[in-house]
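Report on the structure given below.
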Amino acid sequence: MWNSGKIFAGLVVAAGLCAMCWAEDSPNMARQQTITGCLSKGADAGEFVLTDEATSAKIVVKGSADLDKHAANHKVKLTGTQAMEESRLVFKVTNVEHVSDACTPAR
């Protein structure tokens, strides 16, 4: 009986470790990222578009009220996570850092 208790405890610990490993590799786990670019208002209320300075990609952005005061084509550095929302990828902002009042078009 004592040996079966040890085996059961060992299996519980191993299962817990496997679950932690799976959670780290899960695509649903959002990782913080930082992107820099030009911010403008989006098509919908509360939505913005960042033109990434590194790739020129247009990224849909949502987040704090601070975004609105920088949405006049200011250059910003945004920190946040990507998430699927209504069948599209959205960057959810957790921090806004103002870089400049104007953006230079990407080359």
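Values quoted throughout were computed directly from the atomic coordinates according to the rules given, and no laboratory measurement underlies them. Everything numeric in this text was worked out from a predicted model, so none of it was measured. Don't worry about glycine lacking a Cβ; one is built from the backbone with ideal geometry, like all the others, and counts go over all protein chains shown.
Some notes on this structure:
- Cα-based reach from Lys77 at 25 Å (exclusive), listing lysines while leaving out same-chain residues under 8 positions away: Lys41, Lys58, Lys62, Lys69, Lys92
- Overall form of the stretch 38-107: prolate. Here a/c, set by the Cα gyration tensor axes a ≥ b ≥ c, is 1.5 or more, and a/b is the larger of a/b and b/c.
- For Gly63, the residues whose amide H sits under 5 Å from its own are Val93, ignoring neighbours fewer than 5 places away on the same chain, with H placed 1.01 Å from N.
- Between amide H atoms placed 1.01 Å from N, distances below 5 Å from Glu53 occur with Thr36, Gly37, Cys38, all of them 5 or more places distant or on a separate chain.
- Label-to-label distance for Asp68 and Gln33 is 2.7 nm, based on points extended 7 Å past Cα in the beta-carbon direction.
- In this simple spin-label model, placing a label point 7 Å from the Cα along the Cα-to-Cβ direction at both Arg88 and Ser56 gives a separation of 2.1 nm.
- A cut-off of 5 Å between modelled amide H atoms, ignoring neighbours fewer than 5 places along the same chain, links Glu47 with Gly42.
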